[in-house]
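Everything on this sheet refers to the single structure shown next.
The values are calculated or read from the model by the stated rules, or taken from the named source; none is laboratory data. Keep in mind that this is a model prediction, so the values were computed, not measured. Glycine gets a Cβ as well: all are built from the backbone with ideal geometry, and neighbour counts include every protein chain shown. The accessibility values were calculated without ligands, DNA or RNA, using every heavy atom of the protein model including side chains. Shrake-Rupley method; radii C 1.70, N 1.55, O 1.52, S 1.80 Å.
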Amino acid sequence: MFSSLIDPLSFFIGFVTASVFWFLATRARPLWNEMHTNWQDQRDAAQARKTRSVEENHRRNTLRRAQGMHLAAQLFALDEIIQEPLLLAPPQRVEPGSPHKFEDVITQTLPYLPAWPEIAATYRSHTLTLPQALSGNSNLVIIGQPGVGKTVALAHLASLAANRSETLGALQEAVPFLVHVADLKLPIKEPKNVLDPIIEAASESAPMLDLGRIPEFVRNSFKTGYAILLVDGYDEIPQEEQRGVAEFLKVLTHNYPKARVVTTGTPEYLDGLIPLGFAPLAMCTWSNRDNQKFIEHWEQLWSQTVALEAWNQTGPEQVDPLLLNSWLASDNLNLSPLELTLKVWGAYAGDSLGSHVLESIATHIRRLAPPNTPLAALETLAMQVTLSSQPIFDPRRAREWVKSFEVAEEAPEGDPAETSEGEADVKPKKGKKNEKPVPAPTTGLLGKMAASGLLVTHPDNKMRFAHSVFAGYLAGHALTNYNSDEAILNQPDWSGKYLAMRYVAAHGVASKLVQSLLEFSRLPMHRPLFAAARWLRDAPRNAPWRGKLFGTLAAVMQTEGIPLSLRGQAMAAFVYSKDSNAATLMRQFATSLSFELAHLAILGAGAMQDAKSVKALEDALSAPSQAVRRAACMALVAIGTNEALETVAHTLLNGDEEIRRAAGEALANDPHEGYEMLKDGVTLDDILLRRAVMYGLGRIDEIWAVELLQKMQVDDDLWIVRNAATEVLDAKTAVGSFAPNKLKTPHESPWLIEFAAKKGVGISPGTPATDILLLALKEEEEEDVGLRLAAMPYLKLSPKEGVIAQLYDAMYQDEPEVREAAYHTLWEIGLSGVKLPDPSQFGLS
């Protein structure tokens with residue numbers, strides 16, 4: 001019955017039609033897929049063009065900002081005046097079973113002193129450029145004293161990234177996000193919104209048409225791992241604010257583990273960053289050679305630009321640059337880059353108040369201050385910023401601090417305002433009178449300071465001084481008129497506190513401050529002692545507290561059984577003080593029967609360029625200690641007199657194999673006579689001499705030195721010379737291997753798995769391996785030193801009392817390598833905010 005209802009013809013036509021339709025659809029499917037792909041590609045291309053436009057605008061804005069983030073920005077762009085920032089290479093991380101990296105004699109002889117990089121600059125210790133430091137996979141915190149160039153380092157890195165510099169290697173396409181902590185609106189409300197502060201900061205300078213696309217651009221950059229977050233100012237803020245920034249970075253690195261972060265810090269305190277895996281790398285200061293290069297470069301730029309300006313033509317007749325440079329080249333030892341820049345600027349501008357570094361700072365503050373602004377107004381503002389621990393302050397509150405200095409016509413009518421909440425309660429010294437309160441002013445004075453460049457404004461009603469050194473200098477000068485010792489000593493440690501105390505001490509009225517710091521100072525770090533030691537250079541030579549401070553430093557330097565990295569800081573403090581009595585003391589210690597003391601004293605004499613110590617250093621070349629002999633070679637070249645260099649040349653020609661190598665490497669620090677001696681040494685028919693010369697040439701960063709090494713690698717008749725040339729050339733190409741890397745998790749670390757297996761235990765993912773690491777640390781066999789060294793970087797992440805006790809025990813061991821590594825680990829634990837107990841608590845002294 002149903003078959004009669006179906007028309008055969010209709011069925012056939014329908015069947016054929018459907019078959020043809022599906023045949024055509026099947027054959028057309030690739031065409032449809034291609035059309036869909038094209039449409040998708042067009043949408044992606046359009047989106048990419050939008051994103052690329054946003055990215056290019058962001059890169060331009062970042063570059064523009066970075067080029068102005070330096071002291072002389074009103075004269076030159078950063079790329080015009082910069083000397084490439086260098087970081088001290090950290091101690092090698094030891095991993096059992098891995099080959100030991102090449103180290104030159106200089107690095108082997110110098111103790112690692114991240115808080116005193118002036119010594120490393122003198123002897124040209126191993127350094128890393130910023131791209132080399134980033135070639136590892138670790139986030140970085142650049143540490144150093146104020147004025148050493150940390151902000152410039154971040155700005156330079158931002159410029160490299162904005163320009164897609166090839167030197168960045170795998171990070172060439174990374175997008176830089178350059179912010180100051182004052183730009184970040186913290187704390188964040190939700191972890192998922194951790195990028196909001198960065199989005200807001202990036203939007204501040206973005207073109208209007210890009211504002212809607214900035215959030216997606218920022219999120220995509222961090223999600224894909226092509227983002228470098230550069231955070232300036234972390235070193236300037238108090239501990240409580242540092243914890244807030246560290247918590248923000250903790251969430252950020254957890255949500256976006258592929259993104260890279262670089263920030264700034266001090267060598268004394270990095271609350272929260274060490275547990276997050278940040279590697280602290282110290283900024284290297286400038287050597288005498290670097291200072292001279294900077295002075296000559298400044299003269300060239302000044303002559304080509306500033307000297308031709310109309311305003312400069314109408315001033316007094318310019319001094320001959322040769323005479324200026326000759327004067328500027330003297331007495332620059334241990335000046336920071338900031339201090340040298342101000343000294344040179346004052347000399348060329350002709351407005352310097354004097355040759356002392358304090359006068360150079362005062363000159364620049366006067367240069368930046370608004371016309372007719374009383375110095376007392378600047379000092380009062382800086383003093384209240386310091387005493388209230390608010391380096392980033394609210395201008396509405398700051399107006400109360402300086403209201404008495406506003407001109408009368410700017411002040412609104414009304415009752416006198418009460419003392420603001422953030423104003424410190426400090427009483428003037430006898431003979432000083434309080435100013436009568438006046439009505440709250442308008443933004444006049446602070447606005448003028450911001451317009452002149454002395455203050456910097458940030459979003460959300462935030463202000464700060466253009467540089468923490470200027471705030472510290474002004475605050476220190478103001479605090480000499482107040483009984484403020486107790487108020488400032490009771491503050492938690494932060495850089496502004498110590499800067500202010502340093503400039504109080506520069507006026508010779510710091511006896512109570514020094515006494516208190518010496519009472520607080522203790523093993524294992526002696527941070528208060530070394531903080532006060534930095535005051536010696538600028539303090540009056542007749543200050544009554546100098547003798548006691550020098551005596552304490554001498555006691556630390558002479559203490560046997562503690563790490564060289566600790567005793568070396570005392571030596572560095574003597575060098576930094578530029579006190580003539582310090583040179584006498586170094587000469588005395590250089591003849592000590594204690595090899596470690598003699599070693600440090602010889603390095604100190606060389607860093608002071610003490611020509612009177614040449615005879616004692618010549619005698620030290622025959623000492624039984626290899627470390628003393630190597631230090632003597634280095635110190636003689638640093639002194640650089642004809643007699644000193646001739647002594648090293650004689651050693652290079654006639655010494656044994658080890659001391660010849662030390663002489664060759666030391667001569668690489670002298671770009672004149674030293675270079676010529678090494679060039680001549682290549683041609684002499686002395687196997688050990690030519691081998692030593694290879695190691696010396698390996699320390700010279702010049703094209704001719706590399707070409708000479710390559711020639712000797714092939715052409716020299718003896719394999720011992722060819723091997724030496726190959727070794728140093730390989731070390732040059734592997735310099736990035738010194739970059740810090742993240743630790744492998746314990747259950748993925750081959751050496752730890754093997755050691756645990758020998759002990760009959762296992763390591764489970766996600767569980768702490770503290771117990772097995774402590775067992776590795778306690779291994780006492782000589783061949784197990786590598787295990788002990790490898791355990792320490794892990795143990796710093798578990799700073800429990802038992803761990804610290806075992807690290808103290810290792811610090812007092814006879815094995816120098818273990819002792820120094822334990823001290824370095826304890827230093828990093830202390831940096832992270834852990835209060836280290838006195839070793840005597842564990843029966844050690």
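General remarks:
- Any hit, the range 570-585, residues being under 26 Å from Glu657 (Cβ atoms), out of contact with any Pro (no Cβ under 7 Å at 6 or more places or on another chain) and in a helix (DSSP H, G or I): no
- Residue within the range 784-799 that is farther than 21 Å from Asn741 by Cα, open to solvent by 50 Å² or more (accessible area, probe 1.4 Å), among the charged types (D, E, K, R) and modelled with pLDDT under 95 present: no
- The residue of the range 470-485 that is most open to solvent (accessible area, probe 1.4 Å), among those that are without any contact (Cβ under 8 Å) to a residue 60 or more places away in the chain and farther than 15 Å from Asp538 by Cα, is Asn483.
- Selected residue (criterion: surrounded by the most Cβ atoms within 10 Å (Cβ to Cβ)) from residues of the range 800-822 that are in contact with a Phe, Trp or Tyr (Cβ under 9 Å, 6 or more places away or on another chain) and in contact (Cβ under 8 Å) with a residue 60 or more places away in the chain: Ala822
- Members of the range 593-603 found to be open to solvent by 30 Å² or more (accessible area, probe 1.4 Å) and assigned to a helix (DSSP H, G or I), listed by number: Phe595, Glu596
- Scan of the range 202-234 for residues that are open to solvent by less than 20 Å² (accessible area, probe 1.4 Å), assigned to a helix (DSSP H, G or I) and in contact with a Leu (Cβ under 9 Å, 6 or more places away or on another chain), ordered by number: Val218, Phe222, Tyr234
Matching residues to (1) at pLDDT 95 or above; (2) aromatic (Phe, Trp, Tyr):
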{"position": "Asp485", "(1), (2)": "no, no"}
{"position": "Met501", "(1), (2)": "yes, no"}
{"position": "Gly508", "(1), (2)": "no, no"}
{"position": "Pro524", "(1), (2)": "no, no"}
{"position": "Pro528", "(1), (2)": "yes, no"}
{"position": "Ala531", "(1), (2)": "yes, no"}
{"position": "Arg541", "(1), (2)": "no, no"}
{"position": "Phe550", "(1), (2)": "yes, yes"}
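- Flag if Leu729 is under 33 Å from the mean Cα position of the chain (by Cα), of a type outside the set (Ser, Thr, Tyr) and surrounded by 17 or more Cβ atoms within 10 Å (Cβ to Cβ): yes
- Meeting the requirement of 3 or more residues that are open to solvent by 50 Å² or more (accessible area, probe 1.4 Å), the helices (runs of 4 or more DSSP H) wholly within the range 604-720 are 614-620, 642-654, 673-681, 703-715.
The rows are residues; the columns are (1) modelled with pLDDT of 90 or more; (2) within 23 Å of Ala583 (Cβ to Cβ); (3) in contact with a Gly (Cβ under 6 Å, 6 or more places away or on another chain).
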{"site": "Gly346", "(1), (2), (3)": "yes, no, no"}
{"site": "Ser352", "(1), (2), (3)": "yes, no, yes"}
{"site": "Leu358", "(1), (2), (3)": "yes, yes, no"}
{"site": "Leu375", "(1), (2), (3)": "yes, no, no"}
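- Residue match in the range 65-78 (condition: open to solvent by 40 Å² or more (accessible area, probe 1.4 Å), aliphatic (A, V, I, L, M) and touching a strand residue (DSSP E or B) at 6+ places or on another chain (Cβ under 6 Å)): no
- Selection from the range 491-547 of residues that are outside any helix (DSSP H, G or I), hydrophobic (A, V, I, L, M, F, W, C) and surrounded by fewer than 21 Cβ atoms within 10 Å (Cβ to Cβ): Val509, Leu523, Met525, Ala543
- The set of residues in the range 122-135 being among the small types (Gly, Ala, Ser) and open to solvent by less than 10 Å² (accessible area, probe 1.4 Å) consists of Ala133 alone.
- Count of the range 721-767 residues, restricted to those that are assigned to a loop (DSSP other than H, G, I, E, B), of a type in the set (D, E, K, R) and over 26 Å from Gly169 (Cβ atoms), is 1.
- Filter result for Glu240 (at pLDDT below 95, surrounded by fewer than 15 Cβ atoms within 10 Å (Cβ to Cβ) and closer than 26 Å to Val469 by Cβ): yes
- Some residue of the range 328-347 being of a type outside the set (S, T, N, Q), open to solvent by 80 Å² or more (accessible area, probe 1.4 Å) and either assigned to a helix (DSSP H, G or I) or without any contact (Cβ under 8 Å) to a residue 60 or more places away in the chain (or both): yes
- Breaking point among (1) free of Cβ contacts under 8 Å to residues at least 12 places away in the same chain; (2) among the aliphatic types (A, V, I, L, M); (3) surrounded by 23 or more Cβ atoms within 10 Å (Cβ to Cβ), for Met557: (1)
- Hey, Pro215 over 23 Å from Pro391 (Cα atoms) and modelled with pLDDT under 95 or not: no
- Look at the range 94-112: where a residue is closer than 28 Å to Phe755 by Cα and a partner is of a type outside the set (Phe, Trp, Tyr) and in a loop (DSSP other than H, G, I, E, B), sitting 6+ places away or on another chain with Cβ atoms under 6 Å, you get Lys101/Gln92.
- Flag for Arg260 being within 23 Å of Gly169 (Cβ to Cβ), touching a residue at least 60 places away in the same chain (Cβ under 8 Å) and either of a type in the set (D, E, K, R) or open to solvent by 40 Å² or more (accessible area, probe 1.4 Å) (or both): yes
- Members of the range 113-127 that are touching a helix residue (DSSP H, G or I) at 6+ places or on another chain (Cβ under 7 Å) and closer than 22 Å to Gly664 by Cα: Ile119, Thr122, Tyr123, Arg124, Ser125, His126
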